[in-house]
1. Determine ³J(HN,Hα), in whole Hz, for all residues of the range 485-491 in sequence, where each value follows from phi through the Karplus function 6.51 cos²θ - 1.76 cosθ + 1.60 and θ = phi - 60°; x replaces Gly and Pro.
2. From the backbone phi of the range 237-251, what are the Karplus-calculated ³J(HN,Hα) couplings (6.51 cos²θ - 1.76 cosθ + 1.60, θ = phi - 60°) in whole Hz, Gly and Pro given as x?
3. If you find the alpha carbon centre of the range 304-369 and of the range 703-726, how far apart are they in angstrom?
4. List every residue whose amide H lies under 5 Å from the amide H of Thr470, counting only residues 5 or more places away in sequence or on a different chain, with H placed 1.01 Å from N in the peptide plane.
5. Name the long-range amide H neighbours of Val284: under 5 Å, sequence gap of 5 or more, or other chain; modelled H, no Pro or chain starts.
6. When the dipole is taken about the Cα centre of the range 381-510, and only Lys, Arg (+1) and Asp, Glu (-1) are charged at their Cβ, what size is it in debye, to the nearest 20?
7. Filter the cross-link list Lys205/Lys350; Lys281/Lys732; Lys205/Lys281; Lys634/Lys718; Lys360/Lys714; Lys309/Lys714 down to pairs whose alpha-carbon distance in this structure exceeds 29 Å.
8. In whole angstrom, note down how far apart the Cα centers of the range 593-613 and the range 168-214 are.
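Values quoted throughout were computed directly from the atomic coordinates according to the rules given, and no laboratory measurement underlies them. Note that the coordinates shown come from a computational prediction; the quantities given were computed from them, not determined experimentally. In this analysis, Cβ positions are derived from the backbone assuming ideal geometry, glycine residues included, and neighbour counts consider all displayed protein chains.
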Amino acid sequence: MKIDVGVLNEKEVVTTNNDGQINMRLSKDATTIVFQMFTKNIYSNPIGTIVREITSNCFDSHIEANVNKPVIIRKTFDKKDNTYYISFIDFGVGISPERMKEIYSVYFESTKRDDNNQIGGYGIGAKSVLAYRRITGYGTNEYDNSFYVITTFNKIKYYYCIYEGKESPVISLLHSESTTDGNGTEIKIPVLEKDIPTFEREMVKQLYYFENIIFEGIDKNNNYDLKPTNDYQIVKGKSFYYRGNDYSKYIHVCLGKVAYPIDYNVLNLNQSEYYLPIAIKFNVGDIKVTVSREQLDYDENTIRLIKKKLIEVKEELISLLNKQFKNIVTLKDFFEYTQNYNILKFGNGKSLNLQGLIKKEDIDLSNFRYKELKLNALTKDTSLFNFFFNIRRLGDKPKKYEKKEFYGEYNSLISDKNIYYVENEFKRKQIKSTYLKSLHKTYYLITKRNILNNRLDISDIFKIALNSTTDENGKPVKIVKTMLKMQEEFFNIVRENAINYDNLELPDNFVIKRISKKKNDFSDITIPVKFIHHSINRIKVEKLEKFNGVIFYSNLEEEYKLNNSLKIFELLFDNNHLIWGYSKYNDNFKSYNHNITNNGIMFIRVAQNNIKYLESCKNAYHISQFTNKMLYRKRDLVINYLQSNEIFSKYQNLSPLYKRYDFNSINEKYGKIILKVNEYFKKLNNINTDIEYHKDELIRLLNIGDIELNDEQKDIMKKLEQLYQLEENNEKILRYFNTYNINYNKVLDDVLVDILKKVMVF
């Protein structure tokens, strides 16, 4: 890494006064202070620094040795000394005794200073392990920071221990021996058990864009968002890297292999305009980092280059997206690309949401086979569908809490399982209708429309005015022939994804089951029923059959599922509708709302041999159906919480002054911003924040993918950034007014308002 460390090891700085020239110098006692500074005090995140620096050294050694082997990071436990170790192992050049003496042991000495292919360069990274203190006693000064260097050079293996001496760190050769191993080095660090999760988390955070690493003994099933595995793929553009959205949701920097967040305030840019989880690609040496290498050094050149790269990377992404639109040829292409027009797809299966970098109306349809119909990307899929087809809803009308109706949406057509079609005229068959209703409650039937009779619709959809859809011979005119081709291609999409109603075969036992079900009469039978968290009651099956609410049941073995579903219900739904017991005295069910006795929701456990009675109840479902029958209706609420969680945390940390409804008396512009933000969060008051404890399970049950902010939330996030900037601009001056002691339940004092108007920076 090409750097200038003159400022670090320069011993004389020239200055002058009226008496002449004085040479400044380091104190004779400065050595100990310098060692203290660069082994302990310089790092804000010692563990993260160790992971980054030692791994970087491993790869630098591979570069120097011209080897392409993976670096190994290994966790072990030594039973002899009851100690955990984290090792960083390379197969590079090894450390000769000469290099150990002249380079490794010397601060600010490096073999990489003039090499931009290597990551290091300051000569302090290898010593960063000394910054990791393992407390050994009760006093703050009782700690151990020693570690081991095991290195092979020219068939001799050397065992060193490095530790903190009284005045400076010490390298002690413990042992050496002949070996047949090739050159290489292992940095072996004793770690406290409590620090292992931090090491594992930092391994992934710091090494997010490192490749060719093998992790051994690392817990791959931890609960971190970032998994320490090497089975990922990195998309490499000309100006960017993309791995995923775990490191940062905003554009950041990848310098060589090391990721750094961007301080957009320093760049005088609005961070919300760079909401993309990609890394700007820089070669080592292009821009500077601080001496600790924990963050970027924002000198004039670094700021200029980052701003330039931000423009370049956006231009490259837009160019890639435009090339993708060139692939729109078929009607299926048209739907898939225009439905997700801002999704950039990569060859390895990864995709990236470009969040409005391109407008929908700018999508290129030059290769679309139906371009003469004058469609554009703004044409709604439902409009096209309802022009070509009729949709008939059969069965029951969906309830408000159930999935929305089907209106011809392309995404619903290819995913929903309750859509059927007929090739010609629809002829209802009662037995089929009964069967399909038992499967879906609500289902839809698609038939072709005669578009020759839809001249007005043609002008509306395609913006084409026709005097007639047919010529003097009664045959379709040329443009209508094209529409008929599109209709047929669209119907092929329907055939691929929907089910042919006419060809539907009913299960052989369907009719038999229906007859037998009618014959079953359990009116005089009672069974033991246990309400979760309450006692067992004997209840007539007839009582359960006549219950108008919803019953979820399980046997003893699956009671844990029942328990868990109840917890989720109590978290997301109105508990007033929960049936929690049964009263023999009243012969009625008990609920938190005493007016609800024969409807609501109950969770009960019955014996396995009694489940057959629950199966006869019209509204009883096995607990495995809880997600589909109940939980699904809260999907939007859960997604809204997940979307809003980050924003809500940001709002909570904002100073109370910048949440006041009467802030407009100080500044009208920011008063309107605060009002908008407050109104948004007022809507979130009904969301139970305990969702956080069940977040992972809800995501799994509801099959929720990547969560992205909607337009409203992006706007609120932008407004919060403005308020944070306002708070930062006025932080120093408002310290003198002690605004935290203002009574926020009272209107601002007129005198204080006048003062704030004059002193605050807007």
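1. Result, ordered by residue: 5, 5, 4, 5, 5, 5, 5 Hz.
2. Whole-Hz 3J(HN,Hα) from phi for the range 237-251: x, 5, 10, 8, 10, 9, 10, x, 10, 7, 6, 7, 8, 10, 4.
3. About 23 Å separates the Cα centre of the range 304-369 from the one of the range 703-726.
4. Excluding prolines and chain starts, which carry no amide H, the hits are Val477.
5. Result for Val284 returns Gly256.
6. Working: 23 positive and 18 negative charges, 89 e Å.
Using Cβ point charges on Lys, Arg, Asp and Glu, the range 381-510 gives about 420 debye.
7. Details: Lys205/Lys350 20 Å; Lys281/Lys732 37 Å; Lys205/Lys281 17 Å; Lys634/Lys718 27 Å; Lys360/Lys714 19 Å; Lys309/Lys714 24 Å.
Check vs 29 Å cut-off fails for Lys281/Lys732.
8. Their Cα centres are 59 Å away from one another.
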